[in-house]
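First the structure, in the form of C-alpha cells, and then the observations on it.
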Amino acid sequence: MISNKHFYKLFIVCFISIIICGCQKSNTFTAKGVVAGAAGQTLYLENTGLSSISAIDSVKLRSDGKFLFKQPRPKYPDFYRLKLKNQLIHFSVDSTETIIFTADAHNFATSYTIEGSENSKAFKEITLAQLDANQELRKLRDSYGMNLIPDTTYQESIMKAVKSYKEKAKKYIYGAPMSPAAYFALFQQIDGLWFFDLYDKTDSKAFGAVATSYKTFYPESPRAKQLENLALQSLKVTRGERQKTLDIPDAKEVNFIDVELPDINGKDVKLSDIAEGKAVLINFTAYQTEWSPSFNMELNGLYRKYKEKGFEIYQISLDNDAHFWKNAASHIPWICVRDPQSIYSSIAAIYNVRQLPALFLLNNKGIMVKRIESVDTIENDIKAAI
C-alpha cells in the first residue's frame, strides 16, 4: 500500500511531467495528412514571409501518401504553404497545434480538405475566389486579344471579376480583421496586382481595418508594422491630408513607400534620397511601348522648365529587355531606374499600377500628395507641389 507521503511525491512528479509535456507541445505545430496518387513525389513545407518564401522541410511521399511536419510555433500568426510540384495549399498557424490535410496529387491546390484550423479553411475559399477571378481575366484577355470584345466591355468585365472577389474577401476582412484570413484576403492578386487598391478610397478602409486590428492584437508583429505603413500611406493619399489618422491610434506618420532600384550604370538609387527638399514625379513606364517617345518628350519639357525650381523625376522602367532600356535611357536627364521583375514587379503591385504610364507625385516636403490620373493635369500638379 502506498503511503500518503509517497502518494504525494508521485502526484508531484506526474504533475510536473504533465506541465513539461504540455509546454513542449505548445512550442510546436504539426501539419500532417495524406496526398493520394503522389508516390515518389516530394512535398515541401514552406514559410511565406513578408519579403521571401523559404522551404523549411520536405518529404518524399511513399505509396500511402502520408506525411508529417513538425516545426516551432511562430511567435505571431504566420503563413505557410504545402507545395507539390507547382501546386500550392496555403495555410496559417496561430493557436492551432495540429492541422490535417487530405488531398489528391491531380487537383492538390483546389479540392483538398482541412481539419484543425478555421483560418486555413477560410484560406481555401479565398484561394478559390482568387483563382476564379484570374481564370476569368485570362479568358477576357484572350478574347480582347482576338478583337472579340470592345474596350468598354473588356474593362467592365475586369472590374466585375475584381468586384466578385472583393465581395467574398470582405466577409473575412470586416468580419474578423485581426485574423490571418483577413490579411491573406487583403493581399491576393489578379494578374500580378492587388485586388484591393491602396489608393482607392473604399479599399483604403479595408487596409485600415486590418492594420488597426493587427496593431491592437499583435503590435510587435512585422506584419502589423507593414500594414500600418501601407494603411497610413493609403489614407494620406486618398484623403489628401497631412496628419495622423484616427483609424490607427498612436501611429507614426509615413509619407510614401520607398523604392531602391538600379540605374543604367548598375548603381542603386533610393527614392527617399532624391526626395529631400524636392517635388518628385514617380513614373512607372515601359520604353518598348509605342507611346513612350512622345510621352518622354512631354516629360522632358516639364523637367527642363521646373528642374531649377526644385523638381525631379524618378522614372521606373518595367521593360523586360534590359539592353533596350539602357540604350533608350542613356540620354535621359532625370533619374531612370529599372525593376528587373518587369511586369511582375512587386513595387508596381504595392503602388497598384494597373496601366502605364502611371504617375504619382511627392511634394517638396516628401509627402505623396496624389496619384495623377490624367497627363493633362501634370504641369498644374507639379506647380502645386514645388
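The values are calculated or read from the model by the stated rules, or taken from the named source; none is laboratory data. Just so you know, these numbers come straight off a predicted model, no measurement behind them. Virtual Cβ from ideal backbone geometry, glycine too; neighbours counted across all protein chains shown. Side chains included, ligands, DNA and RNA excluded: accessible areas come from the protein's heavy atoms. Shrake-Rupley method; radii C 1.70, N 1.55, O 1.52, S 1.80 Å.
Is it the case that some residue within segment 356-367 is of a type in the set (Phe, Trp, Tyr) and either over 27 Å from the mean Cα position of the chain (by Cα) or surrounded by 21 or more Cβ atoms within 10 Å (Cβ to Cβ) (or both)? Looking through segment 356-367, at least one residue is of a type in the set (Phe, Trp, Tyr) and either over 27 Å from the mean Cα position of the chain (by Cα) or surrounded by 21 or more Cβ atoms within 10 Å (Cβ to Cβ) (or both). Listed here are the helices (runs of 4 or more DSSP H) enclosed by segment 129-220 that have at least 2 residues being farther than 28 Å from Met368 by Cα and of a type in the set (Ser, Thr, Tyr): 151-175. For segment 80-95, the condition of being crowded, with 16+ Cβ neighbours inside 10 Å, of a type in the set (Ser, Thr, Tyr) and in contact with a His (Cβ under 8 Å, 6 or more places away or on another chain) holds for at least one residue. Glu125 - would you say it is closer than 29 Å to Lys166 by Cα, of a type in the set (Asp, Glu) and part of a strand (DSSP E or B)? The answer is no for Glu125. How many residues are out of contact with any Phe, Trp or Tyr (no Cβ under 8 Å at 6 or more places or on another chain) and surrounded by fewer than 16 Cβ atoms within 10 Å (Cβ to Cβ) when one looks only at segment 122-133? Total satisfying the criteria: 3. Step by step: first the residues of segment 137-153, then only those that are among the hydrophobic types (A, V, I, L, M, F, W, C) and more than 18 Å from Ser164 (Cα to Cα), then the one that is least open to solvent (accessible area, probe 1.4 Å). Which residue is that? By that ranking, first place goes to Ile149. I'd like the residue in segment 332-355 that is of a type outside the set (A, V, I, L, M) and modelled with pLDDT of 90 or more and, out of all such residues, is most open to solvent (accessible area, probe 1.4 Å). Ranking the qualifying residues of segment 332-355, first place goes to Pro333. Annotation: of all residues in segment 40-58 being at pLDDT 90 or above and assigned to a loop (DSSP other than H, G, I, E, B), the one that is nearest to the chain's Cα centre (by Cα) is Gln41.
Quick grid of which residues meet (1) modelled with pLDDT of 85 or more; (2) over 27 Å from the mean Cα position of the chain (by Cα); (3) more than 18 Å from Trp325 (Cβ to Cβ):
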| position | (1), (2), (3) |
| --- | --- |
| Ala251 | no, no, yes |
| Asn255 | no, no, yes |
| Asp268 | yes, no, no |
| Lys278 | yes, yes, yes |
| Tyr287 | yes, no, no |
| Glu290 | yes, yes, no |
| Phe295 | yes, yes, no |
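Pairs are defined by a Cβ separation below 6 Å, a sequence spacing of at least 6 or placement on different chains, a first member in segment 203-221 that is at pLDDT below 90, and a second member that is of a type in the set (S, T, N, Q); the pairs so defined are Ser204/Ser234; Ser204/Thr238.
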